[in-house]
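Everything below concerns the one structure shown next.
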Amino acid sequence: MKKFAAATLCVCLGASLTACGGNQTAAPATQAAETTAAETTAAETTTGAASSETLTGSAEGFGGEVTVTLTMDGDKVTACSIKGDDETPDIGGKAFADLEKQIVDANGIEIDGVSGATVTSNAVKEAAAQALGLEMEETEAETKETATAAPAAIVEIDGGLQIGQAYTAAHGTKCFTQAVAVVQDDVIIAAYLDEYQFIDSSEDVTGVPNSDSDFAEGYAEGQVLCSKRENAEYYSALMADHGGSTVAIDTNFDAIQSFAVGKTIDELAKTAESDGAVDAVSGATLADTAGYLNAIAEAAKAAKNTQAVEFNGDSSALELNVINGAAHGTKCFTTAAALTDGDIIVLSYIDEFQFIDSSADVTGVPNSDADFAEGYAEGKVLCSKRVNTDYYSKNMAEKGGSTIAIDANYDAIQNHINGMNVKDAADLAAGENPVDAISGATLADTAGYLNAVIEAAKK
(Lines give C-alpha, C1' and ligand atoms only; values in the text may rest on other atoms or scores of the structure.)
Protein backbone atom coordinates (compact mmCIF):
# COMPACT_ATOMS: atom_id res chain seq x y z
CA MET A 1 0.00 0.00 0.00
CA LYS A 2 1.38 3.42 -0.91
CA LYS A 3 0.89 6.32 1.48
CA PHE A 4 1.34 9.96 0.56
CA ALA A 5 2.54 12.66 2.92
CA ALA A 6 0.04 15.22 1.67
CA ALA A 7 -2.98 15.11 3.95
CA THR A 8 -5.37 16.13 1.23
CA LEU A 9 -4.33 13.46 -1.26
CA CYS A 10 -4.51 9.74 -0.54
CA VAL A 11 -3.79 7.10 -3.12
CA CYS A 12 -4.72 3.46 -3.03
CA LEU A 13 -2.11 1.46 -4.92
CA GLY A 14 -3.54 -2.04 -5.40
CA ALA A 15 -1.03 -4.83 -6.06
CA SER A 16 -3.48 -7.11 -7.84
CA LEU A 17 -3.64 -7.09 -11.62
CA THR A 18 -7.37 -6.34 -11.36
CA ALA A 19 -8.65 -2.81 -10.88
CA CYS A 20 -9.74 -1.79 -7.39
CA GLY A 21 -12.99 -0.25 -8.58
CA GLY A 22 -15.15 2.15 -6.60
CA ASN A 23 -15.74 5.87 -6.92
CA GLN A 24 -12.75 8.16 -6.78
CA THR A 25 -12.66 11.70 -5.37
CA ALA A 26 -10.72 14.12 -7.55
CA ALA A 27 -7.61 15.41 -5.82
CA PRO A 28 -6.92 19.13 -6.19
CA ALA A 29 -3.83 19.79 -8.18
CA THR A 30 -2.89 22.94 -6.24
CA GLN A 31 -0.15 21.03 -4.47
CA ALA A 32 1.82 21.53 -7.68
CA ALA A 33 2.33 25.16 -6.65
CA GLU A 34 4.28 23.97 -3.62
CA THR A 35 6.87 22.02 -5.64
CA THR A 36 10.38 23.38 -6.09
CA ALA A 37 12.32 23.64 -9.29
CA ALA A 38 14.45 20.68 -8.16
CA GLU A 39 11.37 18.48 -7.91
CA THR A 40 9.73 19.33 -11.22
CA THR A 41 10.49 20.64 -14.63
CA ALA A 42 8.18 23.58 -15.23
CA ALA A 43 7.70 25.77 -18.26
CA GLU A 44 5.30 28.61 -17.62
CA THR A 45 3.49 30.78 -20.11
CA THR A 46 1.22 33.66 -19.24
CA THR A 47 -1.62 35.18 -21.20
CA GLY A 48 -3.33 37.88 -19.23
CA ALA A 49 -4.37 36.42 -15.85
CA ALA A 50 -4.25 32.79 -17.00
CA SER A 51 -1.12 30.63 -16.64
CA SER A 52 -0.14 27.09 -17.47
CA GLU A 53 2.82 24.96 -16.52
CA THR A 54 4.23 21.58 -17.44
CA LEU A 55 5.27 19.19 -14.67
CA THR A 56 7.31 16.03 -15.22
CA GLY A 57 8.01 13.00 -13.02
CA SER A 58 9.35 9.50 -13.52
CA ALA A 59 9.25 6.09 -11.81
CA GLU A 60 10.44 2.55 -12.46
CA GLY A 61 7.90 0.52 -14.44
CA PHE A 62 7.77 -3.12 -15.49
CA GLY A 63 10.53 -2.86 -18.07
CA GLY A 64 12.23 0.44 -17.32
CA GLU A 65 11.58 4.11 -16.62
CA VAL A 66 8.10 5.55 -17.08
CA THR A 67 7.79 9.33 -17.49
CA VAL A 68 4.59 11.29 -16.89
CA THR A 69 4.18 14.87 -18.11
CA LEU A 70 1.25 16.88 -16.73
CA THR A 71 -0.05 20.12 -18.22
CA MET A 72 -1.61 22.33 -15.53
CA ASP A 73 -3.98 25.26 -15.91
CA GLY A 74 -4.00 26.72 -12.45
CA ASP A 75 -5.06 23.87 -10.18
CA LYS A 76 -6.49 21.74 -12.99
CA VAL A 77 -4.76 18.94 -14.91
CA THR A 78 -5.64 19.66 -18.51
CA ALA A 79 -3.44 17.07 -20.20
CA CYS A 80 -1.31 14.04 -19.38
CA SER A 81 1.34 12.38 -21.51
CA ILE A 82 3.02 9.08 -20.59
CA LYS A 83 6.18 7.67 -22.10
CA GLY A 84 7.73 4.29 -21.31
CA ASP A 85 9.50 2.68 -24.24
CA ASP A 86 10.53 -0.40 -22.25
CA GLU A 87 7.05 -1.39 -21.05
CA THR A 88 5.47 -4.48 -22.62
CA PRO A 89 3.81 -3.06 -25.79
CA ASP A 90 0.66 -5.17 -25.59
CA ILE A 91 0.17 -4.71 -21.83
CA GLY A 92 1.78 -1.71 -20.13
CA GLY A 93 2.26 0.26 -23.35
CA LYS A 94 -1.31 -0.41 -24.40
CA ALA A 95 -2.54 0.96 -21.04
CA PHE A 96 -0.95 4.39 -21.46
CA ALA A 97 -3.87 6.03 -23.30
CA ASP A 98 -6.36 4.85 -20.68
CA LEU A 99 -4.11 5.95 -17.82
CA GLU A 100 -3.63 9.39 -19.37
CA LYS A 101 -7.40 9.85 -19.55
CA GLN A 102 -7.89 8.59 -15.98
CA ILE A 103 -5.42 11.13 -14.57
CA VAL A 104 -7.06 14.03 -16.44
CA ASP A 105 -10.57 12.90 -15.45
CA ALA A 106 -9.51 12.47 -11.80
CA ASN A 107 -7.62 15.79 -11.83
CA GLY A 108 -4.85 13.94 -10.01
CA ILE A 109 -3.65 10.47 -9.24
CA GLU A 110 -6.55 8.81 -7.45
CA ILE A 111 -7.21 6.46 -10.34
CA ASP A 112 -8.16 2.80 -10.68
CA GLY A 113 -5.31 1.88 -12.99
CA VAL A 114 -5.65 -0.70 -15.74
CA SER A 115 -6.44 -4.34 -15.05
CA GLY A 116 -3.59 -6.57 -16.16
CA ALA A 117 -1.01 -3.76 -16.07
CA THR A 118 -0.58 -3.22 -12.35
CA VAL A 119 3.14 -2.45 -12.28
CA THR A 120 2.80 0.07 -15.12
CA SER A 121 -0.27 1.63 -13.48
CA ASN A 122 1.56 2.03 -10.18
CA ALA A 123 4.60 3.50 -11.92
CA VAL A 124 2.38 6.07 -13.62
CA LYS A 125 0.85 7.03 -10.27
CA GLU A 126 4.29 7.36 -8.69
CA ALA A 127 5.60 9.45 -11.58
CA ALA A 128 2.55 11.73 -11.52
CA ALA A 129 2.87 12.12 -7.74
CA GLN A 130 6.52 13.09 -8.20
CA ALA A 131 5.52 15.64 -10.82
CA LEU A 132 3.08 17.13 -8.32
CA GLY A 133 5.76 17.17 -5.63
CA LEU A 134 4.16 14.59 -3.39
CA GLU A 135 6.62 12.58 -1.32
CA MET A 136 5.79 8.87 -1.39
CA GLU A 137 6.63 6.34 1.26
CA GLU A 138 6.54 2.60 0.53
CA THR A 139 5.73 0.24 3.40
CA GLU A 140 7.36 -3.17 3.76
CA ALA A 141 4.03 -4.89 4.22
CA GLU A 142 2.87 -4.40 0.64
CA THR A 143 4.63 -3.14 -2.50
CA LYS A 144 3.75 -2.89 -6.14
CA GLU A 145 5.40 -6.27 -6.81
CA THR A 146 3.28 -8.28 -4.39
CA ALA A 147 -0.35 -9.14 -3.90
CA THR A 148 -1.98 -9.92 -0.59
CA ALA A 149 -4.82 -12.40 -0.46
CA ALA A 150 -7.65 -11.80 1.96
CA PRO A 151 -7.31 -14.13 4.95
CA ALA A 152 -9.34 -17.31 4.80
CA ALA A 153 -12.64 -17.26 6.64
CA ILE A 154 -12.83 -18.96 10.04
CA VAL A 155 -15.56 -21.59 10.01
CA GLU A 156 -17.20 -23.08 13.10
CA ILE A 157 -17.15 -26.87 12.83
CA ASP A 158 -19.40 -29.28 14.68
CA GLY A 159 -19.59 -32.58 12.87
CA GLY A 160 -17.82 -34.67 10.32
CA LEU A 161 -14.99 -33.46 8.08
CA GLN A 162 -14.31 -35.14 4.75
CA ILE A 163 -11.44 -34.81 2.26
CA GLY A 164 -11.41 -35.31 -1.49
CA GLN A 165 -9.32 -34.69 -4.57
CA ALA A 166 -9.99 -33.86 -8.22
CA TYR A 167 -7.91 -33.54 -11.38
CA THR A 168 -9.10 -31.01 -13.95
CA ALA A 169 -7.95 -28.88 -16.87
CA ALA A 170 -8.34 -25.49 -15.21
CA HIS A 171 -5.76 -23.71 -17.36
CA GLY A 172 -5.54 -24.53 -21.04
CA THR A 173 -4.31 -27.75 -22.59
CA LYS A 174 -0.61 -27.89 -21.63
CA CYS A 175 -1.00 -28.91 -17.99
CA PHE A 176 -3.41 -30.50 -15.53
CA THR A 177 -4.65 -29.21 -12.18
CA GLN A 178 -4.71 -30.98 -8.83
CA ALA A 179 -7.26 -29.74 -6.29
CA VAL A 180 -7.80 -31.00 -2.74
CA ALA A 181 -10.72 -29.87 -0.58
CA VAL A 182 -11.95 -30.50 2.96
CA VAL A 183 -15.66 -30.05 3.62
CA GLN A 184 -18.21 -30.15 6.38
CA ASP A 185 -21.46 -30.94 4.66
CA ASP A 186 -21.47 -28.48 1.72
CA VAL A 187 -19.12 -25.91 3.25
CA ILE A 188 -15.45 -25.82 2.19
CA ILE A 189 -13.16 -25.78 5.22
CA ALA A 190 -9.78 -25.91 3.45
CA ALA A 191 -8.47 -26.16 -0.11
CA TYR A 192 -5.23 -26.74 -1.99
CA LEU A 193 -4.19 -26.22 -5.62
CA ASP A 194 -1.22 -27.26 -7.70
CA GLU A 195 -0.61 -27.86 -11.37
CA TYR A 196 1.70 -30.12 -13.38
CA GLN A 197 3.34 -29.26 -16.68
CA PHE A 198 6.14 -30.67 -18.83
CA ILE A 199 9.13 -28.33 -19.07
CA ASP A 200 12.33 -28.58 -21.07
CA SER A 201 14.74 -30.63 -18.98
CA SER A 202 17.57 -28.23 -19.80
CA GLU A 203 15.88 -25.53 -17.73
CA ASP A 204 16.70 -24.93 -14.06
CA VAL A 205 13.66 -26.78 -12.72
CA THR A 206 12.94 -29.61 -10.29
CA GLY A 207 11.04 -32.58 -11.67
CA VAL A 208 8.54 -34.61 -9.70
CA PRO A 209 10.01 -37.45 -7.62
CA ASN A 210 11.64 -40.26 -9.61
CA SER A 211 12.26 -37.95 -12.58
CA ASP A 212 15.84 -39.19 -12.39
CA SER A 213 14.76 -42.84 -12.37
CA ASP A 214 12.39 -45.30 -14.04
CA PHE A 215 9.44 -42.90 -13.98
CA ALA A 216 11.28 -40.72 -16.49
CA GLU A 217 11.01 -43.47 -19.09
CA GLY A 218 7.52 -42.11 -19.67
CA TYR A 219 8.86 -38.69 -20.72
CA ALA A 220 9.35 -37.55 -24.29
CA GLU A 221 12.98 -36.77 -25.00
CA GLY A 222 14.11 -33.54 -23.37
CA GLN A 223 11.01 -33.18 -21.17
CA VAL A 224 10.48 -33.35 -17.41
CA LEU A 225 7.21 -33.26 -15.45
CA CYS A 226 7.15 -30.43 -12.92
CA SER A 227 4.92 -29.13 -10.14
CA LYS A 228 4.25 -25.42 -10.61
CA ARG A 229 4.29 -24.88 -6.86
CA GLU A 230 7.69 -26.50 -6.49
CA ASN A 231 8.95 -24.41 -9.41
CA ALA A 232 7.04 -21.24 -8.56
CA GLU A 233 10.03 -18.94 -9.17
CA TYR A 234 10.70 -20.37 -12.63
CA TYR A 235 7.05 -20.49 -13.71
CA SER A 236 6.27 -17.04 -12.31
CA ALA A 237 9.17 -15.59 -14.31
CA LEU A 238 7.61 -17.11 -17.44
CA MET A 239 4.27 -15.52 -16.54
CA ALA A 240 6.00 -12.15 -16.16
CA ASP A 241 7.92 -12.46 -19.42
CA HIS A 242 5.00 -13.67 -21.52
CA GLY A 243 2.07 -11.89 -19.92
CA GLY A 244 3.40 -9.14 -17.69
CA SER A 245 2.21 -10.86 -14.52
CA THR A 246 3.58 -9.48 -11.25
CA VAL A 247 1.95 -11.99 -8.90
CA ALA A 248 3.65 -15.37 -8.43
CA ILE A 249 1.78 -18.55 -9.36
CA ASP A 250 1.81 -19.94 -5.81
CA THR A 251 0.54 -16.60 -4.46
CA ASN A 252 -2.31 -16.81 -6.95
CA PHE A 253 -3.13 -20.36 -5.89
CA ASP A 254 -3.06 -19.32 -2.22
CA ALA A 255 -5.45 -16.44 -2.88
CA ILE A 256 -7.94 -18.70 -4.66
CA GLN A 257 -7.72 -21.28 -1.87
CA SER A 258 -8.40 -18.62 0.79
CA PHE A 259 -11.39 -17.34 -1.15
CA ALA A 260 -12.93 -20.82 -1.29
CA VAL A 261 -12.89 -21.32 2.50
CA GLY A 262 -16.29 -20.73 4.06
CA LYS A 263 -18.13 -20.95 0.73
CA THR A 264 -20.60 -23.67 -0.09
CA ILE A 265 -19.94 -25.79 -3.15
CA ASP A 266 -22.82 -24.05 -4.96
CA GLU A 267 -21.56 -20.59 -4.00
CA LEU A 268 -18.11 -21.39 -5.33
CA ALA A 269 -19.53 -22.78 -8.56
CA LYS A 270 -21.71 -19.68 -9.07
CA THR A 271 -18.69 -17.39 -8.59
CA ALA A 272 -16.81 -19.44 -11.16
CA GLU A 273 -19.70 -19.01 -13.60
CA SER A 274 -19.72 -15.23 -13.23
CA ASP A 275 -17.90 -12.95 -15.66
CA GLY A 276 -15.83 -11.35 -12.89
CA ALA A 277 -14.44 -14.42 -11.10
CA VAL A 278 -10.90 -13.05 -10.94
CA ASP A 279 -12.18 -9.69 -9.64
CA ALA A 280 -13.97 -11.48 -6.80
CA VAL A 281 -10.79 -13.10 -5.49
CA SER A 282 -8.52 -10.69 -3.62
CA GLY A 283 -4.89 -11.23 -4.59
CA ALA A 284 -5.65 -13.38 -7.64
CA THR A 285 -4.74 -12.24 -11.15
CA LEU A 286 -5.01 -15.43 -13.20
CA ALA A 287 -7.30 -15.16 -16.20
CA ASP A 288 -8.39 -18.77 -15.54
CA THR A 289 -9.36 -18.14 -11.90
CA ALA A 290 -12.81 -19.54 -12.67
CA GLY A 291 -11.23 -22.82 -13.73
CA TYR A 292 -9.38 -23.13 -10.44
CA LEU A 293 -12.52 -22.35 -8.44
CA ASN A 294 -14.32 -25.10 -10.35
CA ALA A 295 -11.45 -27.49 -9.60
CA ILE A 296 -11.87 -26.88 -5.87
CA ALA A 297 -15.64 -27.35 -6.21
CA GLU A 298 -15.05 -30.71 -7.94
CA ALA A 299 -12.70 -31.82 -5.16
CA ALA A 300 -15.30 -30.77 -2.59
CA LYS A 301 -17.94 -32.87 -4.34
CA ALA A 302 -15.57 -35.83 -4.32
CA ALA A 303 -14.94 -35.32 -0.59
CA LYS A 304 -18.60 -35.92 0.18
CA ASN A 305 -18.10 -39.55 -0.86
CA THR A 306 -15.25 -40.24 1.60
CA GLN A 307 -15.24 -41.35 5.22
CA ALA A 308 -15.92 -38.53 7.69
CA VAL A 309 -13.87 -37.71 10.79
CA GLU A 310 -15.50 -35.98 13.76
CA PHE A 311 -14.16 -32.54 14.60
CA ASN A 312 -15.45 -29.83 16.93
CA GLY A 313 -14.09 -26.30 17.07
CA ASP A 314 -13.23 -23.77 14.40
CA SER A 315 -11.02 -23.90 11.34
CA SER A 316 -8.44 -21.34 12.50
CA ALA A 317 -5.89 -23.94 13.62
CA LEU A 318 -6.41 -26.33 10.69
CA GLU A 319 -3.77 -26.51 7.96
CA LEU A 320 -3.96 -28.43 4.70
CA ASN A 321 -0.71 -29.32 2.95
CA VAL A 322 0.20 -31.61 0.06
CA ILE A 323 3.57 -33.09 -0.88
CA ASN A 324 4.95 -35.18 -3.73
CA GLY A 325 7.04 -38.17 -2.73
CA ALA A 326 8.30 -41.58 -3.78
CA ALA A 327 6.50 -43.97 -1.43
CA HIS A 328 6.51 -46.97 -3.77
CA GLY A 329 9.57 -47.71 -5.86
CA THR A 330 10.90 -45.75 -8.81
CA LYS A 331 8.21 -46.14 -11.46
CA CYS A 332 5.67 -43.71 -10.01
CA PHE A 333 5.35 -40.75 -7.67
CA THR A 334 3.05 -40.28 -4.70
CA THR A 335 0.91 -37.30 -3.75
CA ALA A 336 -0.10 -37.12 -0.09
CA ALA A 337 -2.34 -34.60 1.68
CA ALA A 338 -2.64 -33.97 5.41
CA LEU A 339 -5.08 -31.77 7.30
CA THR A 340 -3.56 -31.04 10.70
CA ASP A 341 -4.65 -29.48 13.97
CA GLY A 342 -1.33 -28.73 15.62
CA ASP A 343 0.52 -32.06 15.65
CA ILE A 344 -2.66 -34.11 15.09
CA ILE A 345 -3.33 -35.55 11.65
CA VAL A 346 -7.07 -34.95 11.32
CA LEU A 347 -7.46 -36.21 7.75
CA SER A 348 -5.20 -37.58 5.03
CA TYR A 349 -5.40 -38.49 1.37
CA ILE A 350 -3.12 -40.56 -0.86
CA ASP A 351 -2.86 -41.09 -4.61
CA GLU A 352 -0.14 -42.02 -7.05
CA PHE A 353 0.76 -41.33 -10.69
CA GLN A 354 2.31 -43.82 -13.07
CA PHE A 355 2.87 -44.05 -16.83
CA ILE A 356 0.86 -46.87 -18.39
CA ASP A 357 0.77 -48.21 -21.93
CA SER A 358 -1.65 -46.01 -23.87
CA SER A 359 -3.15 -49.09 -25.55
CA ALA A 360 -4.46 -50.28 -22.17
CA ASP A 361 -8.02 -49.55 -21.06
CA VAL A 362 -7.08 -46.64 -18.80
CA THR A 363 -7.99 -42.99 -18.29
CA GLY A 364 -5.12 -40.54 -18.53
CA VAL A 365 -4.88 -37.38 -16.49
CA PRO A 366 -6.73 -34.37 -17.97
CA ASN A 367 -5.31 -33.08 -21.27
CA SER A 368 -3.81 -36.47 -22.11
CA ASP A 369 -5.60 -36.07 -25.45
CA ALA A 370 -4.23 -32.53 -25.94
CA ASP A 371 -0.96 -30.58 -25.80
CA PHE A 372 0.03 -32.03 -22.43
CA ALA A 373 0.53 -35.39 -24.13
CA GLU A 374 3.43 -33.95 -26.14
CA GLY A 375 5.46 -34.58 -22.99
CA TYR A 376 4.76 -38.34 -23.13
CA ALA A 377 7.10 -40.92 -24.56
CA GLU A 378 5.54 -42.73 -27.49
CA GLY A 379 2.91 -45.24 -26.39
CA LYS A 380 2.67 -43.93 -22.79
CA VAL A 381 -0.01 -42.08 -20.84
CA LEU A 382 0.15 -40.64 -17.33
CA CYS A 383 -2.52 -42.08 -15.01
CA SER A 384 -3.82 -41.69 -11.49
CA LYS A 385 -3.96 -45.05 -9.72
CA ARG A 386 -7.16 -44.06 -7.89
CA VAL A 387 -8.88 -43.09 -11.13
CA ASN A 388 -7.72 -46.38 -12.67
CA THR A 389 -8.13 -48.53 -9.58
CA ASP A 390 -9.75 -51.43 -11.47
CA TYR A 391 -6.91 -51.67 -13.98
CA TYR A 392 -4.12 -51.25 -11.44
CA SER A 393 -5.68 -53.56 -8.86
CA LYS A 394 -6.03 -56.28 -11.48
CA ASN A 395 -2.30 -55.96 -12.20
CA MET A 396 -1.58 -56.22 -8.46
CA ALA A 397 -3.65 -59.40 -8.25
CA GLU A 398 -2.02 -60.99 -11.29
CA LYS A 399 1.57 -60.09 -10.40
CA GLY A 400 1.50 -60.21 -6.61
CA GLY A 401 -1.63 -62.07 -5.60
CA SER A 402 -3.19 -59.02 -3.96
CA THR A 403 -6.84 -59.37 -2.99
CA ILE A 404 -7.41 -55.76 -1.92
CA ALA A 405 -7.80 -52.95 -4.46
CA ILE A 406 -5.26 -50.15 -4.54
CA ASP A 407 -7.77 -47.46 -3.52
CA ALA A 408 -8.98 -49.63 -0.62
CA ASN A 409 -5.37 -49.94 0.52
CA TYR A 410 -4.91 -46.17 0.41
CA ASP A 411 -8.16 -45.69 2.32
CA ALA A 412 -7.12 -48.20 4.99
CA ILE A 413 -3.83 -46.37 5.56
CA GLN A 414 -5.59 -43.00 5.70
CA ASN A 415 -8.27 -44.20 8.11
CA HIS A 416 -5.65 -45.66 10.43
CA ILE A 417 -3.43 -42.59 10.55
CA ASN A 418 -6.30 -40.09 10.86
CA GLY A 419 -6.50 -38.87 14.46
CA MET A 420 -2.90 -39.84 15.29
CA ASN A 421 -0.28 -37.34 16.33
CA VAL A 422 2.77 -37.00 14.11
CA LYS A 423 5.15 -38.70 16.55
CA ASP A 424 2.98 -41.80 16.96
CA ALA A 425 2.50 -42.02 13.20
CA ALA A 426 6.27 -41.77 12.69
CA ASP A 427 6.84 -44.51 15.26
CA LEU A 428 4.36 -46.71 13.44
CA ALA A 429 6.07 -46.10 10.09
CA ALA A 430 9.46 -46.90 11.60
CA GLY A 431 8.22 -50.20 13.04
CA GLU A 432 9.22 -53.56 11.65
CA ASN A 433 5.98 -54.36 9.80
CA PRO A 434 3.59 -51.38 9.95
CA VAL A 435 1.28 -53.02 7.42
CA ASP A 436 0.43 -55.66 10.04
CA ALA A 437 -0.97 -52.97 12.33
CA ILE A 438 -3.36 -51.55 9.72
CA SER A 439 -6.56 -53.43 9.12
CA GLY A 440 -7.36 -53.69 5.41
CA ALA A 441 -3.87 -52.74 4.19
CA THR A 442 -1.69 -55.21 2.32
CA LEU A 443 0.86 -52.99 0.54
CA ALA A 444 4.48 -53.89 1.21
CA ASP A 445 5.36 -50.19 1.01
CA THR A 446 2.82 -49.14 3.64
CA ALA A 447 5.61 -47.42 5.60
CA GLY A 448 6.36 -45.29 2.55
CA TYR A 449 2.77 -44.08 2.33
CA LEU A 450 2.66 -43.35 6.06
CA ASN A 451 5.86 -41.32 5.74
CA ALA A 452 4.40 -39.38 2.80
CA VAL A 453 1.42 -38.30 4.90
CA ILE A 454 3.74 -37.47 7.83
CA GLU A 455 5.87 -35.30 5.53
CA ALA A 456 2.77 -33.42 4.44
CA ALA A 457 1.72 -32.98 8.06
CA LYS A 458 5.12 -31.49 8.94
CA LYS A 459 5.21 -29.12 5.95
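Amide hydrogen proximity for SER358: with H placed 1.01 Å from N in the peptide plane, the residues at 5 or more positions away or on another chain lying under 5 Å are LYS380, VAL381.
How many angstrom separate the Cα center of the range 143-221 from the Cα center of the range 383-459? Between the Cα centre of the range 143-221 and that of the range 383-459, the gap is 21 Å. Protein-only accessible surface at a 1.4 angstrom probe places the residues LYS399, LYS263 in the order LYS399, LYS263, largest first. Summarising the amide proton neighbourhood of PHE198: residues at separation of 5 or more, or on other chains, whose placed amide H is nearer than 5 Å comprise CYS226. Here the label points at ASP361 and HIS242, each 7 Å from Cα along the C-beta direction, are separated by 3.8 nm in the simple model.
The heavy atoms of HIS328 offer some 70 square angstrom of accessible surface to a 1.4 angstrom probe. Our coupling estimate for the range 199-216, obtained by passing each phi through the Karplus curve with A = 6.51, B = -1.76, C = 1.60 and θ = phi - 60°, is 10, 4, 5, 7, 6, 7, 10, 10, x, 5, x, 6, 6, 9, 9, 4, 4, 5 Hz, Gly and Pro reported as x.
So, in Å, what gap is there between the alpha-carbon centers of the range 322-372 and the range 246-300? Taking the Cα centre of each part, the range 322-372 and the range 246-300 sit 23 Å apart. Less than 5 angstrom separates the built amide H of SER348 from those of LEU339, all sequence-distant by 5 or more or on a different chain.
The values are calculated or read from the model by the stated rules, or taken from the named source; none is laboratory data. Note that the structure is a prediction, hence the values are computed from the model and not measured. Ideal geometry is used to build each Cβ from the backbone, glycine not excepted, and the neighbour counts take in all protein chains shown. Just so you know, the surface numbers come from the protein's heavy atoms only, side chains and all, with ligands and any DNA or RNA stripped out. Shrake-Rupley method; radii C 1.70, N 1.55, O 1.52, S 1.80 Å.
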